1. Just checking, how many residues over segment 260-297 are over 16 Å from the mean Cα position of the chain (by Cα) and either outside any helix (DSSP H, G or I) or aliphatic (A, V, I, L, M) (or both)?
2. When you scan segment 85-94, how many residues do you find that are in contact with a helix residue (DSSP H, G or I) (Cβ under 9 Å, 6 or more places away or on another chain) and open to solvent by less than 30 Å² (accessible area, probe 1.4 Å)?
3. Can you tell me how many residues in segment 178-196 are touching a residue at least 12 places away in the same chain (Cβ under 8 Å), out of contact with any Asp or Glu (no Cβ under 6 Å at 6 or more places or on another chain) and either within 17 Å of residue 339 (Cβ to Cβ) or crowded, with 18+ Cβ neighbours inside 10 Å (or both)?
4. Scanning segment 183-205 for residues that are part of a loop (DSSP other than H, G, I, E, B) and in contact with a helix residue (DSSP H, G or I) (Cβ under 9 Å, 6 or more places away or on another chain), which turns out nearest to residue 285 (Cα to Cα)?
5. Restricting the search to segment 352-365, which residues are open to solvent by less than 20 Å² (accessible area, probe 1.4 Å) and either over 17 Å from residue 14 (Cβ atoms) or without any contact (Cβ under 8 Å) to a residue 12 or more places away in the chain (or both)?
6. Would you pick out the residues in segment 143-172 that are assigned to a loop (DSSP other than H, G, I, E, B) and more than 22 Å from residue 377 (Cβ to Cβ)?
7. Would segment 339-350 turn up any residue that is in a helix (DSSP H, G or I) and under 22 Å from residue 212 (Cα atoms)?
8. Which of the numbered conditions does residue 335 fail, given that it passes all the others? Conditions: (1) crowded, with 16+ Cβ neighbours inside 10 Å; (2) under 18 Å from the mean Cα position of the chain (by Cα).
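The values are calculated or read from the model by the stated rules, or taken from the named source; none is laboratory data. Not measured: the values here are computed from a predicted model. When we count neighbours, we look across all protein chains shown, and the Cβ atoms used for this are built from the backbone with ideal geometry, even at glycine. Each accessible area value is taken on the protein alone, full model and side chains, heavy atoms only, with ligands, DNA and RNA left out. Shrake-Rupley method; radii C 1.70, N 1.55, O 1.52, S 1.80 Å.
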Amino acid sequence: MKKLAFVSNFITSHQVPLAREFAKFYGDDYVFILMKKPKYEGSAMKFHDSALKYNDYSSEKFLLKAYESPELMTQAQKIINEAECVILGGIPPAVLHDRLRDNKLTFFYAERFMKGPLWRDLIRFVKYEIFSGARKAARSPDSKFYLLCASAFAPRDYNLCGLFKNKCFKWGYFPETKHYDDINELISRKTPAKILWGGRFINWKHPEFAVKLADNLRNQHINFSLKIAGAGLMYESLASMIESLNLGELVTLTPQPLSTEELRAEMESSQIFIFTSDRGEGWGAVLNESMNSACAVVAGDKIGAAPYLIKDGQNGLLFRNKNIQDLTAKVSDLLASPEKISSLGRAAYETIINEWCAEIAAKNFIALKDSITAGKNLLGPCSVAPVI
């Protein structure tokens, strides 16, 4: 019997470090079950409209690709039913039916689902989130069914529907964490006044805010450079916007997706990272990565990861959701205070390596699995998630 099974539709660079940590601890008693075959277009994940090139993790020994045959799917369902503990994310909880009936320790990990108009959120919830027997277990205070919150706003969304009350724990995504021999040396070689925006060029990530910020900073006669790194449907409109505002000498727009390593290199050379997504951003792993790269981050306050990772004014700055004036004020203040940029960047790096990395997430989860009350004494991942 497996000690731990992690079940998902796909595996990405944001999940692999944690999976490897679990594999180190459990060995053959850990399995990551892939339920669906991912779709690709060129080098990117098609269904993600990815801003990053795809990395192939199919050779990882802990993977069980259930989609490859009916026999493997049957094997996967058997593991889900019998494992000591299961973490499920990204697929209908119907596969948990027998497990929940037998009240076995189970964690459902999820981002917030109320990301848009209320009517659409409720339809999405009823259609996709909790059904086929899982609702009863999620409502029961006595069931061993808990929520790992890959968004600071997930407890509120689920609690509003009467689910997982007093059963929510902090979670997230845990991309590769880099440990630098000398963090002060990294900070010292960053390009002065360089600002970076990185992600998919889609509407709820608001890359256009980066261009508007650049226009505002130029109008205030502030020295800076801005790189907008990624790819997506808004590329042409962003290019047109940059040209129409005559920002070509100050703003660079990447013409194609970057690899994870290329984006991290951009972060390492940038002093400031701006994260402009609205509430549609369930988590936002670029926040982990930019903080790990010792950037001074200015992030929207409705981004799922922001309340967990950023202590406003201590290891980053939060600006009011979709408020370009507040974003401009926060960035202009930083550019006027190089020592604050360094201080925030250093504290951001320490937050990731000491609290929000895959190694600590795995360690904390194992403590939580062994005793649910352990969550009351943990910091970071697997600590009790408040309703905000």
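1. Our first condition is that a residue be over 16 Å from the mean Cα position of the chain (by Cα); within segment 260-297, this holds for 261-262, 265-272, 294-296.
Checking the rest, the ones that are also either outside any helix (DSSP H, G or I) or aliphatic (A, V, I, L, M) (or both) come to 265, 267, 269-272, 294-296.
Adding up the residues that qualify gives 9.
2. Looking only at segment 85-94, we keep the residues that are in contact with a helix residue (DSSP H, G or I) (Cβ under 9 Å, 6 or more places away or on another chain), and these are 85-88, 92-94.
Those still in the list that are open to solvent by less than 30 Å² (accessible area, probe 1.4 Å) too: 85-88, 93.
Here the count works out to 5.
3. Taking segment 178-196 first, the residues touching a residue at least 12 places away in the same chain (Cβ under 8 Å) are 178-180, 183-184, 186-187, 189-196.
So of that shortlist, the ones also out of contact with any Asp or Glu (no Cβ under 6 Å at 6 or more places or on another chain) come out as 178-180, 183-184, 186-187, 189-195.
Next, from what is left, pick out any that are either within 17 Å of residue 339 (Cβ to Cβ) or crowded, with 18+ Cβ neighbours inside 10 Å (or both): 183-184, 186-187, 189-195.
Count: 11.
4. Residues of segment 183-205 that are part of a loop (DSSP other than H, G, I, E, B), as a first pass: 189-190, 201-202.
Then keep just the ones that are in contact with a helix residue (DSSP H, G or I) (Cβ under 9 Å, 6 or more places away or on another chain); that gives 189-190, 201.
Details: 189: 24, 190: 21, 201: 15 Å.
If we take residues in segment 183-205 being part of a loop (DSSP other than H, G, I, E, B) and in contact with a helix residue (DSSP H, G or I) (Cβ under 9 Å, 6 or more places away or on another chain), then 201 is nearest to residue 285 (Cα to Cα).
5. Taking segment 352-365 and keeping what is open to solvent by less than 20 Å² (accessible area, probe 1.4 Å), we get 352, 356-358, 361-362, 364-365.
Scanning segment 352-365 gives a single hit, 364.
6. Keep residues of segment 143-172 that are assigned to a loop (DSSP other than H, G, I, E, B), which gives 143-144, 150-153, 161-167, 171-172.
Across segment 143-172, the qualifying residues are 143, 151, 153, 161, 162, 163.
7. Step one: filter segment 339-350 for residues in a helix (DSSP H, G or I), giving 339-350.
Subset that is under 22 Å from residue 212 (Cα atoms): 341.
Looking through segment 339-350, at least one residue is in a helix (DSSP H, G or I) and under 22 Å from residue 212 (Cα atoms).
8. Among (1) crowded, with 16+ Cβ neighbours inside 10 Å; (2) under 18 Å from the mean Cα position of the chain (by Cα), the lone unmet condition for residue 335 is (2).
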